[in-house]
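First comes the structure, then the notes that go with it.
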Amino acid sequence: MEVATQLNYNIWDRVLGQTKEAQEKGSDPLLWAIQVSSNLSSAGITLPSLELANHLVSYICWDNNVPISWKFLEKALALKIVPPLLVLGLLSTRVIPYRHSCPAAFRLYMELLKRHAFSLKEYSNLPNYQKTMNSLDQVLHLSQIFGLQANEAGALLVMFVFSIAWQLVDAALDDEGLLELTENDPRWPVKPQDMQVDVHNMYEEKRKEYRERFRTINTIMAIQLLGQFLQNKVTSRILYLARQNMYAHWKSFIQRMHLLVENSLALRNSKSITPEVLLQLISDSHEVKFQHFQASLLQEFHPVVQSRPLVNPAGLCLGTSRSALWLPLDMLLEDAMDGSQVNATSAVEIITDYTEHVLLINEFAFIIREERGIPGTCRLDTRLSMLLSITTLVVADLVEEEEKKFPRKWLCSVTGWYSGKPLSGNDCDVPGTSGNLYHLIVEACIARNLLDTSAYFWPGYVNGHINQLPHNVPNQVPGWSSFMKGASLTRFAEVEKVFEMAVKGSNEERITAATILCGASLIRGWNIQVPELAGSLMTICEVFGSCVPNISWTMTTGEEISAHAVFSNAFALLLKLWRFNHPPIEYGVGDVPPVGSQLTPEYLLLVRNSHLVSSGNLLKDPNRRRLAKAASSSSPKPIFVDSFPKLKVWYRQHLACIASPLTGLVNGTPVHHTVDTLLNMMFRKIGGGNQTVTTVTSGSSSSSGPGSEDIYLRPKLPAWDILEAVPFVADAALTACAHGRLSPRELCTGLKDLADFLPATLATIVSYFSAEVTRGVWKSVFMNGTDWPSPAANLSNVEGQIKKILAATGVDIPSLAAGGSSPASLPLPLAAFVSLTITYKLDKASQRFLDLAGPALESLAAGCPWPCMPIVASLWTQKAKRWSDFLVFSASRTVFLHSNDAVVQLLRSCFSATLGLNSSCCISSNGGIGALLGHGFGSHFNGGIAPVAPGILYLRVYRSIRDIMFLREEIVSVLMQTVEDVACGCLPKESLEKRKKSKNGMKHGHASLAATLTKVKLAASLGASVIFLTGGLGLVQSLIKETLPSWFMSIHRSEQEGERGKMLPMLRGYALAYLAALCGAFVWGVDSSTTAASKRRPKILGCHMEFLASALDGKISLGCDLATWHAYVSGFLSLMVRCTPTWIFELNVEMLRRLSKGLRRWNEEELALALLGVGGLGTMSAAAEMVIETEI
């Protein structure tokens, strides 16, 4: 070892001596280089030599800083005797600090940078490349400075290029006295150092002026060289990788660049680069070419779609209303307006996330809506009725979270919406055109029919200066009290009064204003959509339900309040909002719990408790901050269902009642005694008291006879004790009626007495009846008008209205006729419950009962065989004609609940309506969101009952579909058929070659293909919305993990494929790619959120990516057309790169490398590089190597 070391010393001594001799003689640099190379080769040293690089740089700096020494070094670089990159790194640490005292050396260093820093492909193939990069890491301390533990050559190369650019900008800043203005000290030594030796008298005093000019020129050259790094195809991409993977360091670098652009005199004196150009190169909007990847397959068909067909928003404005971009949000808003069940998650939170996802996937800012009243515009009744409650909070969240992301035109689009006037680009510069509270109040009042649209023409309304009263408004405002009672609002001064109350009033007045404009008066009461209310209601129920009602209070209105009344109010509201008393829809989806099990007391309390978390990412979410504040205001500690033992017992009994026939009533127990007491109370007017009722179920007689009057008094029992007994009471009464011991009238009267005594018992009655109906053990009874009410007088009319409502769907409607002359029939539990509901008057006193019983009756009837719901609708329509529209519509829904084929046909109608398709496979001029969701429904419209838009029907049906799993395959199938229909209607059958022969033919082809892509994307957007709304996380994950792989492995053929070559298969692939990406964004989010859904993302997405990679590797055989597969893979991965890079960051590094290799085999090198570029530090090296190798 010592001998080898001594030999090394000897060889380097000989080389340096040889160099010194050649310098003194002024030898030819080429001859010197040949001699040195020969000597090193004879000594067995591999070239290029790292040791020689170190020795030569040390030799020059600074004892031999003469021109010929630099020529020797340059020749050594040219002949690859030394590794150029290592030499550049060594020189940067030696020359830059001495650039003032040795300006010529700095100039020579920059010249070497120009010659060698942009030849990375050539130098990366040299021997000892990995050792060279490791040496650079040691020389420049790259890993230490950037905080990365990287040892791969590609990653070190990224840091090296970044460090050279950083040193140049720091040197330029320091030369102009700007470096002191930066926040952090320089990462590498750039401060000018004084020379410690006399450098051959080269810079004596008489040449100071020359040196100053030299330094100025050097500063300009450094800036120009920096511009070259940012403009060069290869180095700019290398720097982009640094931006993606070392963002904190990049941010500091960009701050320095901005300082240079804004203050540098040298930059302004440069003739080759301007501040504007340099600013553009470093701006966030500037993206290097590799981000503009495109699918090569699509390029075969038309140049009009060469710019990212799935991620280019411009394409969607061709041939289809721009409003169609918002189809997912329109459907979510319409779904939120259903009001049949309150979500555990705030609507504000859902819509905020949904909006962000639609924005990211479509890559556009908010789009201005078109003029009101034309097909495809946003449905005003939906938006305006939610304006002051949900939408304003959503907008506030979006502004707070992504203030810098959304362009300023977003505000203008909102203003254009408020004013009913689309705005052009220049309108954004008009002062005062943003919406304010006046606009919100006016729009809310218009939505409630308190104002008409003439308010839009009030002076100053459009520009926000509505502080002028219209000419016809009197000074006095006598109508205010009428407005408080619900009368129409026609005067501006009344709006002004609402404004003053909302802003300047007392706390009570503010609450009143909020209630009028934002609360229950806006139809739905959106201020109750958080689980915090559930926790409060559970507490009230637990306390008052345990109290014996010995005390009552009389209100100023004369109404008497007792513990039973308080309990029933709270319990009814709790069940009305979350429907715990309804049987869950029994289906499971993938690896998540059944949907029906989510809205349980336990689940709601868990959601409520999650709002208390005040650390991590939750604080960044303004909506979560509001929810946390609301939750902690009532109880700063978590609440669990064990805190409510009575509620827990009732809910367990409820679940047991649904799961199996009723059992467990033991003679002599307190529950048995309570059952007897309640039966005596209910049927006290029947001869024999409760004797004949109880013996049917329990086989025992009551311990109390029908003796004294006190026995029939209402029992003083806690509400929870009564609820525990109600299932047995209902079972006994129903059994007695079935066996003829009670008449139908007596049964209904007894049930009504029980509900009047404790309205909360309705919940348990519904639970029991619903469970019994599903078991099918009760025989049907004839609704003959004698024993039971008859629907005959109205049944045919209901049938006709149902047919009208469903006319647009193409669904076959079963006849309502029971057959022959037999009257209609209903299962006994349903007949009993509908008869009970009909006994109530339609007055304010009965409203509380009907609010709870109405949805329960609908749910109960919908679960029974056809035509039970139309019969119920007929019965109730006879009693309340003003509810006819709602009842008939509900009856229409049940057609789809009993037939999966009908659901599939409804889905086809949704796609056809949205795309403007008809049965002859043609494209009409209609379609869009207006055709999907319609513009209203009801007999009050001209012409009476009319066909209902298919989208509305589906949104009111899907919650009751028992088996949603079949929808995965069906939606994919319908989407593929829709794509085929779109291609059939939009794309001419002529070949591309024929179209290319004429100029007009090419233009027509451009428009046709652009319109086709727009509609394909719209169809996929509809499919994603339906899947997400129907099954949420579980259905989406099952689609991505199971359905799509199975579809690609199956064989699919169409008659249209032969006529249109690869175009139809390609469109199918793009449709599926957009479907998958949008579905994933809806359920997983697009960022690194800590929600439960986003935590599942790496696992499910990893499985899908493994399928893609294995198929690309040839390990999986595919049955679909290869053009479809190509389009899907390239489309889906491109959407992930552009819109959801966090997804890629979470994937396995090796998998990303496999995907990248597969894409390169398809010549999709741009996309392959982009995929590696966003894969994080693990793929940064591979991305850099690909940049160098391909130079694309």
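The values are calculated or read from the model by the stated rules, or taken from the named source; none is laboratory data. Just so it is clear, the model here is predicted, and its values are computed rather than measured. Ideal geometry is used to build each Cβ from the backbone, glycine not excepted, and the neighbour counts take in all protein chains shown. The accessibility values were calculated without ligands, DNA or RNA, using every heavy atom of the protein model including side chains. Shrake-Rupley method; radii C 1.70, N 1.55, O 1.52, S 1.80 Å.
Would you please give the FRET efficiency between Glu1042 and Ser283, computed as 1/(1 + (r/R0)^6) with r the Cβ-Cβ distance and R0 = 51 Å, to the nearest 0.05?
The computed FRET efficiency comes out at 0.70.
Return the sequence-ordered ³J(HN,Hα) values of segment 886-891 in whole Hz as given by the Karplus equation 6.51 cos²θ - 1.76 cosθ + 1.60 applied to θ = phi - 60°, using x for Gly and Pro.
Couplings: 5, 5, 5, 4, 4, 5 Hz.
Evaluate Rg over Rh across segment 1091-1160, taking Cα atoms for both radii and Kirkwood's formula for Rh.
Here the Rg-to-Rh quotient is 0.97.
Return the loop-located trypsin sites (Lys or Arg not before Pro) in segment 766-818 (DSSP other than H, G, I, E, B) with at most 16 other Cβ atoms within 10 Å of their own Cβ; answer none if there are none.
Listed in order of number, the matching sites are Lys779.
Using θ = phi - 60° and the Karplus form 6.51 cos²θ - 1.76 cosθ + 1.60, what ³J(HN,Hα) does each residue of segment 780-796 get, whole Hz, x for Gly and Pro?
Ordered by residue, 3J(HN,Hα) equals 7, 10, 7, 8, 9, x, 9, 7, 10, x, 10, x, 4, 5, 10, 5, 5 Hz.
On a 28 Å Cα-Cα criterion, which of the cross-link pairs Lys25/Lys75; Lys804/Lys844; Lys685/Lys716; Lys233/Lys1115; Lys71/Lys121; Lys114/Lys191 come out too long?
Lys804/Lys844; Lys233/Lys1115
Hey, can you grab everything whose amide H is under 5 Å from the amide H of Leu826? Only 5+ residues off in sequence or another chain; H modelled, so Pro and N-termini drop out.
Answer set, sorted by chain and number: Val781, Met783.
Taking H placed 1.01 Å from N in the peptide plane, check which residues at least 5 places from Gly1119 or on another chain put their amide H under 5 Å from its amide H.
Met1049, Ser1050
Which of rounded, prolate or oblate describes segment 84-132 when judged by the alpha-carbon gyration tensor and an a/c cut-off of 1.5?
oblate
Could you order the peptides 809-816, 674-681 from most to least packed, using the average number of other C-beta atoms within 10 Å per residue?
Put in order of decreasing packing, that is 674-681, 809-816.
Which residues' amide hydrogens lie under 5 Å from the amide hydrogen of Ser562, considering only partners 5 or more residues apart or on another chain, with H built in the peptide plane?
Long-range HN contacts for Ser562: Trp553.
How far is it, in nm, from the label point at Asn900 to the one at Glu559 when both lie 7 Å from their Cα along the line to the Cβ?
It works out to 4.8 nm between the two label points.
Viscosity 0.692 mPa s, temperature 37 °C: give me the Stokes-Einstein translational D for segment 96-168 in µm²/s, with Rh taken as the Kirkwood radius over C-alpha pairs.
Once the numbers are plugged in, D ends up at 246 µm²/s.
Can you give the FRET efficiency to the nearest 0.05 for Glu111 and Lys1157, using r as the Cβ-Cβ distance and R₀ = 45 Å?
The value I calculate is 0.70.
For Asp1113, Asp901, write out the residues from largest to smallest accessible area, computed with a 1.4 angstrom probe and no ligands counted.
So the residues, ranked largest to smallest area, are Asp901, Asp1113.
Hey, if we sort Ser1021, Ser635, Ser41 by accessible area with the 1.4 Å probe, largest down, what's the order?
Of Ser1021, Ser635, Ser41, the descending order of accessible area is Ser41, Ser635, Ser1021.
Ordered by residue, what ³J(HN,Hα) values in Hz, to whole numbers, does segment 235-245 give under the Karplus form 6.51 cos²θ - 1.76 cosθ + 1.60, where θ = phi - 60° and Gly and Pro are x?
Calculated HN-Hα couplings, in order: 5, 5, 6, 4, 5, 5, 5, 5, 4, 6, 10 Hz.
Looking at the square roots a ≥ b ≥ c of the eigenvalues of the Cα gyration tensor of segment 11-159, which shape do they give, rounded for a/c under 1.5, prolate if a/b is larger than b/c, or oblate?
It is oblate, given that a/c is not under 1.5 and a/b is not larger than b/c.
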